[in-house]
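Since the structure comes first, as structure tokens, the remarks are kept for the end.
The values are calculated or read from the model by the stated rules, or taken from the named source; none is laboratory data. Just so it is clear, the structure is predicted and the values come from calculations on it, not from any experiment. Methodologically, a virtual Cβ is constructed for each residue, glycine included, from the backbone with ideal geometry; neighbour enumeration extends over all protein chains shown. When the accessible area is computed, the model is the full protein with side chains, heavy atoms only, and any ligands, DNA or RNA have been set aside. Shrake-Rupley method; radii C 1.70, N 1.55, O 1.52, S 1.80 Å.
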Amino acid sequence: MREVIIIGSGPAGFTAGIYTARAGLKPLLIASSVEPGGELMKTTEVENYPGFPTGLQGPELMAAFQEQAERFGTEVLLDDVIEVSLKGDIKIVKTGGGETFEAKTVILATGAAYRELGLPKEKEFSGYGVSWCATCDGFFFREKTIAVIGGGDSAMEEAIFLTRFASKVYLIHRRESFKASKIMQDRALNNPKIEVIWNTEVAELLGETRLTGIKMRDTVTGSEKDLELDGLFIAIGNDPRVWLVENQVELTAERFIQVEGRSSKTSIPGVFAAGDVIDPTYRQAITAAGSGCVAALDAEQYLQDVN
């Protein structure tokens, strides 16, 4: 019987591991057999994480997270959780490797995945001209020409934020009107650095080792033309990874895990959630890490109360 099982291995998961291990709870952290480390494993330069003034690579940062968690006694298992039963006092976690674990508490740190365009070279160009995070990567595009794909509030926010750095921002949308709120539309449309390209989708990413432009397709006429770019920011939403628990814990309208206020407490006693799986707004490594700390402290308090 485990005191704590942590599902997920991004900044939230590993931070929860650090805190619960230091509390003597001997956590088991089930990372992933394919993508341990979360979304930061796909990021090249990380310059905004406190404590690293010269920056570092995303995988390097996550390796440091894991090393610190293991140093304090977190057991890391590289396997995939395929089934959980959370509603009883004893939580049951099953892995793809055929193991079954029992625990008094579970911390869900499964993260969220940015939606992709589904084009060839998209993953290859990630960190080399293609990004899903303006606050992470905008700084690298000073005085450059970039484009943002999307039509919701997040796309407007990304485009407006990027005007702080880029000399020109194209806002590309596949329809003739945005679904964003009027105030966000007005801010984007009235920004002199932003030019909207309506009724257009990205048909192809251009470049050899990094993005140099895109091939655009008119969604009305079908005609195509190329656009030279230094960067492309994809802002078409993200999907929280909740398939494992969607029929057990309460979700928000946006299908993120619902938690109580600023805590990590879910609708099930003894089950806590942290990181991007509860956060549709900020989606930063630093906020995910803080969230993991909250979950660890909440789990520790719960165990003190029930033991």
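Key figures for this structure:
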item	result
Separation in nanometres of the label points that stand 7 Å from Cα toward Cβ, at E176 and R22	5.8 nm
For the stretch 69-179, alpha-carbon Rg and Dmax in angstrom	20.8, 57
Partner aspartates and glutamates for K215 [C-alpha distance under 18 Å; skip if fewer than 8 residues away on the same chain]	E116, E122, E124, E195, E201, E204, E224, D226, E228, D230
Percent carbon-and-sulfur accessible area, the stretch 180-307, ignoring ligands, DNA and RNA, probe 1.4 Å	48 percent
Protein accessible area in the stretch 1-115, 1.4 Å probe - carbon and sulfur %	49 percent
L56 versus I183: modelled label distance in nm, points set 7 Å from Cα along the beta carbon direction	3.9 nm
Relative contact order computed over the stretch 71-226 (Cα-Cα under 8 Å; 6+ residues apart), in percent	15 percent
T135 paired with E116, simple spin-label distance in nm, labels 7 Å along Cα-to-beta-carbon	2.4 nm
Relative contact order, percent, the chain [alpha-carbon distance under 8 Å, six or more residues apart]	21 percent
Å² per residue, accessible surface of the stretch 106-212 at 1.4 Å	49 Å²
Separation between Cα centres of the stretch 84-126 and the stretch 134-183, rounded to whole Å	31 Å
Evaluated at q = 0.29 Å⁻¹: base-10 log I(q)/I(0), Debye formula over Cα of the stretch 246-294	-1.17
Of K123/K182; K193/K225; K26/K104, pairs whose Cα-Cα distance is over 24 Å	K123/K182
Check: the chain dipole with +1 on Lys, Arg Cβ and -1 on Asp, Glu Cβ, in debye	480 debye
Within the stretch 221-249, backbone nitrogen closer than 16 Å to the virtual label 7 Å beyond the Cα of E45 toward Cβ	230-232
Stretch gain in nm, segment Y282-D89, where the contour uses 0.36 nm per residue and the Cα spacing is subtracted	66.2 nm
Net length gained if the chain between D218 and E204 were fully extended (0.36 nm per residue, minus Cα distance)	3.8 nm
Equivalent ellipsoid semi-axes, the chain, via Cα gyration tensor eigenvalues times 5, rooted, Å	39, 20, 17
Axial C-alpha extent at least 15 Å, average Kyte-Doolittle at least -0.5 - helices from the chain (DSSP)	11-22, 285-306
Where only alpha carbons of the stretch 132-179 are counted, the Rg and the Dmax (Å)	10.4, 30
All-pairs alpha carbon distance profile, the stretch 16-142, 10 Å steps from 0, percent	11, 33, 32, 19, 5, 0
